[in-house]
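Here is the structure we will look at, set down as structure tokens.
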Amino acid sequence: QLQASGGGLVQAGGSLRLSCAASGRTSSTYFMGWFRQAPGKEREFVTAINRSGGATYIADSVKGRFAISRDNAKNTVYLQMNSLKPEDTAVYYCAARSGVYYSGANNSRIYDYWGQGTQVTVSS
């Protein structure tokens, strides 16, 4: 199971850090990603990280502002969000892939498990 937390209300230009805790198997066995879904829009890829943390993938829309990291000892993946904009408002979901990762980090269909989502609201 995946448990996302850390969402909230923040002013534009502010920062938030989301956490995604994995239970059951240790998180080091998973390729992890973050997606988001704004009202009336499709779920979109934000960023992903491989099992060791040595490779990351990030959407152009958040590049330079968001960063993903992981602490396998704590079975937790983090999403540091800086310089937040109103258009970043969405429900943020963490996702995990248990199999070997080859490609397509931005494709939601490669992920096997999803967290419940945490709301991020950025006010202007």
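Within the stretch 60-88, the set of residues being farther than 15 Å from ALA22 by Cα, assigned to a strand (DSSP E or B) and in contact (Cβ under 8 Å) with a residue 40 or more places away in the chain comprises GLN80, MET81.
Annotation: of all residues in the stretch 89-108 being in contact (Cβ under 8 Å) with a residue 12 or more places away in the chain and in a loop (DSSP other than H, G, I, E, B), the one that is least open to solvent (accessible area, probe 1.4 Å) is ALA105. The residues in the stretch 60-88 that are under 10 Å from the mean Cα position of the chain (by Cα) and either open to solvent by 60 Å² or more (accessible area, probe 1.4 Å) or of a type in the set (D, E, K, R) (or both) can be counted, and the count is 1.
So which residues in the stretch 109-120 are open to solvent by 50 Å² or more (accessible area, probe 1.4 Å) and touching a residue at least 24 places away in the same chain (Cβ under 8 Å)? It would help to see each step written out before you state the result.
Here is the first cut: in the stretch 109-120, the ones open to solvent by 50 Å² or more (accessible area, probe 1.4 Å) are 109, 112-114, 116, 119.
Matches in the stretch 109-120: TYR113, TRP114, GLN116, GLN119.
Scanning the stretch 1-59 for residues that are outside any strand (DSSP E or B) and hydroxyl-bearing (Ser, Thr, Tyr), we see that the one that is most open to solvent (accessible area, probe 1.4 Å) is SER52.
Kindly provide the set of residues from the stretch 92-105 that are over 11 Å from the mean Cα position of the chain (by Cα) and modelled with pLDDT of 90 or more, ordered by number. Reasoning before the result, please.
First, pick out the residues of the stretch 92-105 that are over 11 Å from the mean Cα position of the chain (by Cα): 97-105.
Within the stretch 92-105, ARG97, GLY104, ALA105 meet the criteria.
The values are calculated or read from the model by the stated rules, or taken from the named source; none is laboratory data. Bear in mind that the values here come from a model prediction, so they are computed numbers and not experimental data. Cβ sites come from the backbone with ideal geometry, for glycine too, and all protein chains shown count toward neighbours. These accessible areas exclude ligands, DNA and RNA; they are computed on the full protein's heavy atoms, side chains included. Shrake-Rupley method; radii C 1.70, N 1.55, O 1.52, S 1.80 Å.
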